[in-house]
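Notes for the one structure printed next.
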Amino acid sequence: MEKEPAPVTRTRLNYDNKLILAPMVRIGTLPMRLLALDYGADIVYTEELIDRKLLRSIRRENDVLSTIDYIDKTDGTVVFRTCPREREHVVLQIGTSDPLRAAEVARMVEKDVAGIDVNMGCPKKFSILGGMGASLLSDPRKATNILRKMIETVTIPVTCKIRVLFSLEETLQLCDTLASTGIEAIAIHGRTIEERPQHPNRNQVLKQISDRLSIPVIANGGSKDIQQHSDIFRFKEKTGCSSVMLARAAQWNCSIFRKEGLLSMENVIKSYLKYAVDCDNSPSNTKYCVQNILRELQESPLGRKFLDSQTLEQICEVWGLGDYCRSKNKEFRDKGLLGRFQVMP
Ligand code: FNR
């Protein structure tokens with residue numbers, strides 16, 4: 001594959017001293033990414049998308065929503081939706097086990113995203129059996145082949161996200177090997193594959209890695225101790241890392257990125273829902289994200305009303321945004337939006 005030059009107008013994404021929305025399956029879709037940017041995140045990762053799925057999608061510019069959609073050729077569903085507002089900030093995370101497929105995906109999305117990341121930390125059976133995610137931690141040769149091939153193919157930054165290994169020495173060795181490929185930065189979740197979220201994050205290991213590597217190290221795994229914005233910097237200091245990546249803290253209340261302080265859950269849900277409507281996000285994905293903001297409050301009367309809702313309009317109605325949803329839907333229909341799942345001609 002021949003390498004194409006990146007458009008001259010683009011600034012290269014810098015991973016130093018940044019606040020980052022972590023990749024989260026189903027949570028990190030376009031509305032949440034836009035909200036995180038509004039609140040002060042510098043970089044937003046997509047949810048992990050599997051290389052094969054992206055490769056069987058087709059790129060479409062959606063003039064009604066002003067988005068760029070990658071649509072599954074087989075069923076017409078939106079695999080990845082992005083927009084110009086996030087182009088200089090969004091990092092697409094892929095699940096892959098193959099250098100050629102990974103490079104092909106990177107080339108396919110290169111003009112629409114600021115960076116591309118390989119998931120090397122997912123411990124789920126689906127990933128491990130497919131030779132993806134955390135299985136790459138025990139196959140550094142394959143992991144480095146994937147990264148090298150991607151770096152060779154595209155001009156946007158390539159990164160990976162890993163977990164720590166049980167032994168410090170092995171972890172440092174792995175980080176040296178991965179960094180030697182030319183990746184721009186590395187995100188590290190300070191728990192091993194076996195460890196669960198309730199286990200302490202190995203902040204000291206992150207510190208040793210960041211002391212050792214010359215590329216930016218992105219600290220991850222600190223959400224349990226991050227209740228307010230200032231806690232982010234405590235985590236950054238403890239780990240000595242260049243940047244901090246948040247998953248659960250942002251999933252629960254995305255305004256954690258706001259340096260002016262947290263906003264109320266109601267405020268965050270309303271802003272999230274407006275983006276969900278603007279992006280024509282699917283009701284099931286929207287509901288899942290709101291559920292993860294509401295958490296135990298799903299048991300409240302408002303929560304139960306929300307759980308009963310099925311359509312985007314019904315969800316919006318719970319927070320007094322029914323009119324907003326209806327007027328946007330009308331606007332989209334008038335402009336000719338085909339419906340959520342745009343069936344290919
Ligand atoms: C995750 N995580 C994750 N990691 C990844 O590399 N790709 C992914 O798609 C996902 N998906 C995902 C979904 C959800 C709902 C959660 C909670 C987590 C892991 C995540 O990015 C992060 O590494 C861990 O959650 C630890 O960071 P926090 O939560 O302590 O900030």
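The values are calculated or read from the model by the stated rules, or taken from the named source; none is laboratory data. Just so you know, these numbers come straight off a predicted model, no measurement behind them. In this analysis, Cβ positions are derived from the backbone assuming ideal geometry, glycine residues included, and neighbour counts consider all displayed protein chains. The protein model used for the area step is the full one, side chains on, heavy atoms only, and it has no ligands, DNA or RNA in it. Shrake-Rupley method; radii C 1.70, N 1.55, O 1.52, S 1.80 Å.
Results, tabulated for the structure shown:
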quantity: Surface share of carbon and sulfur [accessible, 1.4 angstrom probe, percent] for the chain; calculated: 51
quantity: Computed Rg/Rh of segment 187-328, alpha carbon atoms with Kirkwood Rh; calculated: 1.08
quantity: Alpha-carbon centroid distance for the pair segment 127-152 / segment 55-85, whole angstrom; calculated: 27
quantity: Euclidean distance between Cα centres, segment 242-316 to segment 194-212, Å; calculated: 29
quantity: Solvent-free Debye scattering, log10 I(q)/I(0), computed from the Cα coordinates of segment 252-345 at q = 0.13, 0.17, 0.19 Å⁻¹; calculated: -0.47, -0.75, -0.90
quantity: Within straight-line cross-link reach of Lys73, lysines at Cα separation under 19 Å, skipping those fewer than 8 residues along the same chain; calculated: Lys53
quantity: For segment 175-296: accessible area per residue (Å², 1.4 Å); calculated: 41
quantity: Debye log10 I(q)/I(0) at q = 0.15, 0.17, 0.19, 0.21 Å⁻¹ for segment 127-216, Cα point scatterers; calculated: -0.56, -0.72, -0.89, -1.06
quantity: Whole-angstrom Cα spans of the chain along principal axes, big to small; calculated: 57, 45, 39
quantity: About the Cα centre, charge dipole magnitude for the chain (Lys/Arg +1, Asp/Glu -1 at Cβ), debye; calculated: 260
quantity: For segment 246-255, Karplus couplings with θ = phi - 60° (6.51, -1.76, 1.60), whole Hz, Gly/Pro x; calculated: 10, 10, 4, 4, 7, 4, 6, 8, 4, 6
quantity: Gain in span if fully extended, Asp211 to Thr177, counting 0.36 nm per residue against the direct Cα distance; calculated: 10.7 nm
quantity: Residue-averaged [θ]222 nm for the chain, counting only DSSP H segments that reach four residues, each worth -39500 (n - 2.57); calculated: -11500 deg cm²/dmol
quantity: Computed Rg/Rh of segment 5-132, alpha carbon atoms with Kirkwood Rh; calculated: 0.95
quantity: Per-bin percent of Cα-Cα distances, segment 196-244 [10 Å]; calculated: 29, 54, 17, 0
quantity: Residues with amide H under 5 Å from that of Leu262, placed H, sequence gap 5 or more; calculated: His229
quantity: Distance cut-off 23 Å, percentage of C-alpha pairs in segment 86-170 lying past it; calculated: 21
quantity: Surface per residue (accessible, 1.4 Å probe) for segment 1-132, Å²; calculated: 42
quantity: For the chain, share of DSSP beta bridges that run antiparallel, in % to the nearest 5; calculated: 25
quantity: Cysteines in the chain that, by Cβ-Cβ distance, have no pairing candidate under 4.7 Å; calculated: Cys83, Cys122, Cys160, Cys175, Cys241, Cys254, Cys279, Cys289
quantity: Peptides 172-180, 34-42 ordered by average Cβ neighbours within 10 Å, highest first; calculated: 34-42, 172-180
quantity: Candidate lysines for bridging to Lys287, where Cα separation is under 16 Å - those fewer than 8 sequence places away on the same chain excluded; calculated: Lys270, Lys274, Lys305
quantity: Karplus (6.51, -1.76, 1.60) ³J(HN,Hα), θ = phi - 60°, over segment 35-42, in Hz, Gly and Pro reported as x; calculated: 5, 4, 5, 4, 7, x, 5, 8
quantity: All lysines inside 19 Å of Lys238 as judged from Cα atoms, apart from same-chain residues fewer than 8 positions distant; calculated: Lys18, Lys207, Lys224
quantity: In Hz, Karplus ³J(HN,Hα) per residue of segment 117-125 (6.51, -1.76, 1.60; θ = phi - 60°; x = Gly, Pro); calculated: 10, 10, 6, 10, x, 6, x, 5, 4
quantity: Loop-located GluC sites (Glu not before Pro) in segment 217-309 whose Cβ has at most 11 other Cβ within 10 Å (DSSP); calculated: Glu260
quantity: Electrostatic dipole magnitude of segment 15-78 [Cβ: Lys, Arg +1; Asp, Glu -1; Cα centre; debye, to 20]; calculated: 240
